1. Angle check, please: helix 145-157 long axis (alpha carbons) against the longest principal axis of the chain (alpha carbons), in degrees 0 to 90, nearest 10.
2. Please list, in order along the stretch 175-182, the HN-Hα scalar couplings obtained from phi with the Karplus expression 6.51 cos²θ - 1.76 cosθ + 1.60 (θ = phi - 60°), rounded to whole Hz, x for Gly and Pro.
3. Mind ranking 192-204, 145-157, 11-23, 43-55 by how tightly packed they are, going by the mean number of other C-beta atoms within 10 angstrom, highest first?
4. Helix-derived [θ] at 222 nm for the chain: sum -39500 (n - 2.57) over DSSP H runs of at least 4, divide by residue count, nearest 500?
5. Report the rotationally averaged projected area of the stretch 249-351 based on its alpha-carbon convex hull, in square nanometres.
6. Using the charge dipole of the stretch 421-522 (Lys, Arg: +1 at Cβ; Asp, Glu: -1 at Cβ; taken about the Cα centre), state which of ALA498, ASN441, ILE459 has its Cα farthest towards the positive end.
7. May I ask which residue of MET350, ILE409, VAL259 lies farthest towards the positive end of the charge dipole of the chain, with charges of +1 (Lys, Arg) and -1 (Asp, Glu) on Cβ and the Cα centre as origin?
8. Give the angle, between 0 and 90 degrees and rounded to the nearest 10, that separates the Cα long axis of helix 84-94 from the longest principal axis of the Cα atoms of the chain.
Amino acid sequence: MDRKELANLIFPDVKDYTYYEEKYPQRNLPEGAIVTRYAPSPTGVVHIGGLYQSLIAKVIAKKTGGVFFVRIEDTDQKREIENGAEQILNSLKDYGLSPDETMGIDGNDIGNYGPYMQSKRKHIYQSYAKKLIEEGNAYPCFCSAEDLENIRQNQEKAKERTGYYGKWTKCRNMPIDMAIEKIKNGDPYIIRFKSPGNPERKIKHKDVIKGSIEFPENDQDIIIIKSDGLPTYHFAHAVDDHLMGTNLVIRGDEWLASVPLHLQLFYVLGFKAPKYAHIAPIMKQDGDGKRKLSKRKDPEAAVGYYKEEGIPKDSVIEYLMNIANSNFEAWRKQNPDKSVYEFDFDLKKMGVSGALFDMVKMLDVSKNVISKYTAEEVYSSAYDWAKEYDNELLEMLENKEYSLKVLGIERGNIKPRKDIAKWSDVKHIIYYMYPEKFDRNGEFEYQKITDKEEIEKIIKTYFEKYYDESDDKQTWFDKIKDLSESLGYSREVKEYKANPEKYKGHVGDISTVIRVKLTGRSNTPDLYEIMKVLGKDEILRRI
Ligand code: GLU
């Protein structure tokens, strides 16, 4: 009896692997084009780290005229959640990260290298496993959980490495006849890779991000096909990334230690190995130390968090670019209106250890992003958010014409307002502009001038003698200066600073009094514009 017979007995119905080699020919792409992928397991909600990886993969593929595809790795069916794949694909789409190729939500693949879901590729993995068995590079293993536990205990006693390797590989040298008999007998088994490695020997790996690393060769006879007929991650990775034409694997650095095994699998399978770029996880400051951003501990790790908070998607993407390549920020300053895909992203500039996630910085980035929105864009985004999360804001925004004016204050000019970081800020930021929300009897904090009589005098004089709704900005401002002078304050701040003893204060103190009186706040966007939007009637009501 020979290995061919054994292979046929195990996989009687699979096609010869050459069929797949022909079905999925090499991609015809320009020199230097990167084919890469994001390969999530559908085991939970999308994590910010997943967006981060997809973004990097997409940016690299686009930059090089290559391909970015998404493969759903659902071979661990116990951990799978319902609609997991759909959720992932929808989130990617939401964030503008749709791949060039993937499974369609309706079940139809987009792309010629599918299926893009591993559970639908069972026959393909089995075909390559069959090839390995025929060649003597894989074998059925009949060890029970108990056998494996015994091996482990003996290894511990002997103070040796644990695992299925070398002299511990009980089934590796089982006579073929015996294996055939056991299978015919119905004994349960799985398929193991027969590793040619020797850990005394070293391999060199040059990682695109981590640089050169030496590893001992792999000698573990890992499982390649499990008892449910599905492959393990390692085997599927080699088969899929070969057939799908991946030439650069971008993935989390928890897989770095598996590189010796993966290179060995590629070699034994006769495939050209891809390059690898292992990305460090996103970190978070925790007290004095750093730790991985955690799905369990950190709400901001889940992509849904940003939706609830009303942080726009382009802000999230922009921020992720910031932490992925630190020179992005400077580029953005030079190129405020370009798409992130025009940035010359460089994997080599990614940190070897994880980038620090900083919410304050993210919100800062978001303020910049939103500052470029038109009033109409701010309005519709805030409105959509309010519909789901905030009735009060929704009511305010129902008055669209007025709201557009409010949101249009200091927008669309060279120095646009930068006070909105998320839609959940909007209500608080524009509240006072709405007559029904403004409490004119509120306890306002006047800044420098606090004397009630003085405040009354300033307001009275201004509105009786100077204010004219139709003034243009320059006239409006000149009048505030005139008002200041008439009440013993300097027309310019500089003047006051040079001779403080000559004045009660300066023009800024005066305009602050008007500002606080009309808005309840000492810090607002441009007061002239605010007064224009409020209009005379409302202003007079407020004073
Ligand atoms: N399914 C693996 C994971 O989610 C993919 C790793 C890879 O990109 O190869 O970690």
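The values are calculated or read from the model by the stated rules, or taken from the named source; none is laboratory data. Since this is a predicted model, take the numbers as computed values, not measurements. Methodologically, a virtual Cβ is constructed for each residue, glycine included, from the backbone with ideal geometry; neighbour enumeration extends over all protein chains shown. Each accessible area value is taken on the protein alone, full model and side chains, heavy atoms only, with ligands, DNA and RNA left out. Shrake-Rupley method; radii C 1.70, N 1.55, O 1.52, S 1.80 Å.
1. Once rounded, the angle reads 80 degrees.
2. Calculated HN-Hα couplings, in order: x, 4, 4, 5, 4, 4, 5, 4 Hz.
3. Highest-to-lowest ranking by the protection proxy: 43-55, 192-204, 11-23, 145-157.
4. -13000 deg cm²/dmol
5. On the way: hull surface 37.5 nm².
Over all viewing directions, the stretch 249-351 projects a mean Cα-hull area of 9.4 nm².
6. Working it through, the farthest residue towards the positive pole turns out to be ALA498.
7. In the chain, that residue is VAL259.
8. Rounded to the nearest ten degrees, it is 40.
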